[in-house]
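The values are calculated or read from the model by the stated rules, or taken from the named source; none is laboratory data. Predicted, not measured: the structure shown is a model, and the values here were computed from it. Here the Cβ positions follow ideal geometry from the backbone for every residue, glycine too, while neighbour counts run over all protein chains shown. Only protein heavy atoms, including side chains, enter the accessible area calculation; ligands, DNA and RNA are left aside. Shrake-Rupley method; radii C 1.70, N 1.55, O 1.52, S 1.80 Å.
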Amino acid sequence: MTDSAVDINGVEKRFGDLVAVRNLDLRIERGEFFSIIGPSGCGKTTTLRMIAGFEEPTAGRISVGGRDMTGVRPYRRPVNTVFQSYALFPHLDVFENVAFGLREAKVAKAEVRTRVDEAVALVQLQGRERARPRQLSGGQQQRVALARALVNRPEVLLLDEPLGALDLKLRTDMQTQLKDLQRSVGVTFCYVTHDQGEAFSMSDRVAVMNHGLLEQVGTPEEIYHRPASSFVADFVGTANRFAGRVESVQADRYSVAIDGVGLRTAGGPAGLTAGTPVLVLVRPENLQLDGVSDEGRADLDARVVDTAFLGAERTVRLQSPRLGELTATARGSGRAPDPESRVRLSWSDDDAWLIPAAGPDAG
Ligand code: ATP
């Protein structure tokens, strides 16, 4: 037996000349809430459809629960899929929608009742068993779709933008419910979305794809604080970038010469060598702004371009003669710096992260 729920090895998917997924290696552990994120067209739905068996890989192999799925029909795989469109039967009530697959599989009546009751309870729809889909809200219909998938007791539940049709408030509520549900049933979830915030709020680990390629896999914290590429840094948030060059390596820290600023220390991926051109990333919330005194270092001065009040935080756009255009965010109710005022920039070395500047994704 293997501990992985899904193993994807060297998978490629072509549609004619178009390569939708390239050389994909991915391992999803049992009981994980795993998400695949990336922009439209990056190949995430195609990846999910290959796990489900709706598409066969052009090359490579996919295993579910340690079993090779090559040539296995979708309905014979130990997986179920929940789509954005709930695809409920309008003429059947909640109970019969959830029971449908079990009845098709000729499961005994008493067991159908027990399992449907259990699934309906899991998604908190007790008392609504006799309602038709049109009598339910969007969120309730999506919960019926979830119950219908979970009633089959899949090893892996595949979810393709399941909250895409819901308004923001309901989406947020459903994210909490989905996470609770996944924790309570312990089924492996593989969740596809273009919304990084949604993926971060629910997932144990996240995979970021771009142009059919896997850019990075990691916990939300790793992806956010230690992005592997410029693309990942931008896809999951805003990043200030300073161009520079690695000077020397000390254990897991780098000494880096930042153009126009001088030597600083930063974390970075293993294996960068002295002389490597890099970008130093600092997230806006880690850029400190202080008032400017007359003496001191002009290299870290900046001019406030404008500020925007966003409720919980404030965004400050800055222009620095040496570092270019920058963004800082500040939480709390402190006074915003005035436009055109001068501020001094600083950041902690612990909040600076390097990515190699060479390569197609470099910023
Ligand atoms: P979205 O968020 O827009 O759904 P995605 O990341 O899920 O995007 P995919 O649906 O996996 O992307 O598509 C990846 C690429 O493969 C796209 O360029 C798409 O047009 C193409 N593609 C997907 N399915 C097919 C198909 N059946 N035939 C031809 N091309 C396809």
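Mind listing whichever residues of the range 220-241 are closer than 22 Å to Arg27 by Cα and touching a Ser or Thr at 6+ places or on another chain (Cβ under 8 Å)?
Pro220
Out of the range 187-221, which residues are hydroxyl-bearing (Ser, Thr, Tyr), part of a loop (DSSP other than H, G, I, E, B) and open to solvent by 20 Å² or more (accessible area, probe 1.4 Å)?
Thr219
Among the residues of the range 176-186, count how many are among the basic types (Lys, Arg) and open to solvent by 70 Å² or more (accessible area, probe 1.4 Å).
Result for the range 176-186: 1.
Name the single residue, out of those in the range 182-199 being at pLDDT 90 or above, among the hydrophobic types (A, V, I, L, M, F, W, C) and away from the ligand (no atom under 16 Å from the Cβ), that is farthest from Val217 (Cα to Cα).
Val187
I'm checking my understanding of the structure. Among residues of the range 32-46 that are of a type in the set (Gly, Ala, Ser) and crowded, with 16+ Cβ neighbours inside 10 Å, which one is farthest from the chain's Cα centre (by Cα)?
Gly43
Counting only residues that are part of a helix (DSSP H, G or I) and under 27 Å from the mean Cα position of the chain (by Cα), how many does the range 125-159 have?
The number of residues fulfilling the criteria is 13.
So in the range 49-85, with the set limited to residues that are part of a strand (DSSP E or B) and more than 16 Å from the ligand (Cβ to nearest atom), which one is surrounded by the most Cβ atoms within 10 Å (Cβ to Cβ)?
Here the answer is Val79.
For residues that are modelled with pLDDT under 95 and open to solvent by less than 60 Å² (accessible area, probe 1.4 Å), tally how many sit in the range 95-106.
The total comes to 2.
Among the candidates Ser35, Ser85, single out the residue that is of a type in the set (Ser, Thr, Tyr) and touching a helix residue (DSSP H, G or I) at 6+ places or on another chain (Cβ under 7 Å).
When all the criteria are applied, what remains is Ser35.
Restricting to the range 1-19, and then to whatever is open to solvent by less than 10 Å² (accessible area, probe 1.4 Å) and within 15 Å of the ligand (Cβ to nearest atom), can you tell me which residue is farthest from Met69 (Cα to Cα)?
Step by step, filter the range 1-19, then rank; the result is Val11.
Out of (1) of a type in the set (Val, Ile, Thr); (2) within 16 Å of the ligand (Cβ to nearest atom); (3) closer than 26 Å to Arg115 by Cα; (4) not in a strand (DSSP E or B), the odd one out for Val98 is which?
(2)
Just give me the residues in the range 20-48 being more than 13 Å from the ligand (Cβ to nearest atom), not in a loop (DSSP other than H, G, I, E, B) and not acidic (Asp, Glu), in sequence order.
Asn23, Leu26, Arg27, Ile28, Phe33, Phe34
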